[in-house]
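Visitor: The structure is given below, and queries will be raised subsequently.
The values are calculated or read from the model by the stated rules, or taken from the named source; none is laboratory data. Here the structure is a predicted model, which is why all the values come from computation and not from measurement. Neighbour counts are summed over all protein chains in view; Cβ atoms, including those assigned to glycine, are modelled from backbone coordinates with ideal geometry.
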Amino acid sequence: MVTDQQWTLSKAALDKLLGSLSDEAELAAERYEDLRRLLCKFFEWRGASFPEECTDETLNRVARKLEEGVIVQNVSSYSYGIARLVFLEWSKGPDRKQISLDELTSAPQAPEQDTEESLELECFDQCLKDLSAASREIIIQYYSEDKRAKIDNRNRLAARLGIPINALRSRAQRTRQKLEQCIMECLKTSA
């Protein structure tokens, strides 16, 4: 079996990945960029030193699996599963542990505001992990982008899920309320 270090992304593998996102080339490219951006955010939120490299590794692994003939119903969800594994591999790496120890011993005392913000981010991250994969995907994609791109992104998400835009708004609002409540409870227990 080929290891990840020996395998390189081929045009055929990239075409399979894009084809699994959409039959239309332009729409597939847009969805690829959306997925790549969301995966970068996924790794940034978890503190990966090089989120773009982790994202590239994730997408390469997805493309490789598709090229090998693995049938994937939902490429986005599958990609998040692969991203979790890539992040676990990265976080358990020997270099990562040494860097963390060095940072801890040489880091100056953080102001109180920074610790409050980091606590909020930790609670947000934990509560996001507690959501179901479908809810997590909806909330992340629903609130990504700005202005017209946000509207287009939401319309694509509703179409992909096969639901009206109003139903998507309702789901996103319920998920956001659940997320906010979880964060508030986390902050109360941590205080």
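Visitor: Which of the residues that make up segment 130-160 are surrounded by 12 or more Cβ atoms within 10 Å (Cβ to Cβ) and of a type in the set (Lys, Arg)?
Guide: Answer for segment 130-160, where residues must be surrounded by 12 or more Cβ atoms within 10 Å (Cβ to Cβ) and of a type in the set (Lys, Arg): Arg136, Lys150, Arg154, Arg156, Arg160.
Visitor: Also: Quick one: which helices (runs of 4 or more DSSP H) sit completely within segment 21-91 and have at least 2 residues that are among the hydrophobic types (A, V, I, L, M, F, W, C) and either surrounded by fewer than 18 Cβ atoms within 10 Å (Cβ to Cβ) or assigned by TED's automatic domain parsing to the domain that holds Glu120 (or both)?
Guide: Details: elements: 25-45, 51-67, 75-91.
Hits in segment 21-91: 25-45, 75-91.
Visitor: If you take the residues of segment 151-169 that are within 17 Å of Ile140 (Cβ to Cβ) and of a type in the set (S, T, N, Q), which of them is nearest to the chain's Cα centre (by Cα)?
Guide: Asn153
Visitor: Within segment 137-152, can you find the residues that are out of contact with any Asp or Glu (no Cβ under 9 Å at 6 or more places or on another chain), without any contact (Cβ under 8 Å) to a residue 60 or more places away in the chain and closer than 19 Å to Thr175 by Cβ? Explain how you work it out, then say what you get.
Guide: Here is the first cut: in segment 137-152, the ones out of contact with any Asp or Glu (no Cβ under 9 Å at 6 or more places or on another chain) are 137-140, 142-143, 146-150.
If we keep only those that are without any contact (Cβ under 8 Å) to a residue 60 or more places away in the chain too, we end up with 138-139, 142-143, 146-150.
Within segment 137-152, Ile138, Ile139, Tyr142, Tyr143, Lys150 meet the criteria.
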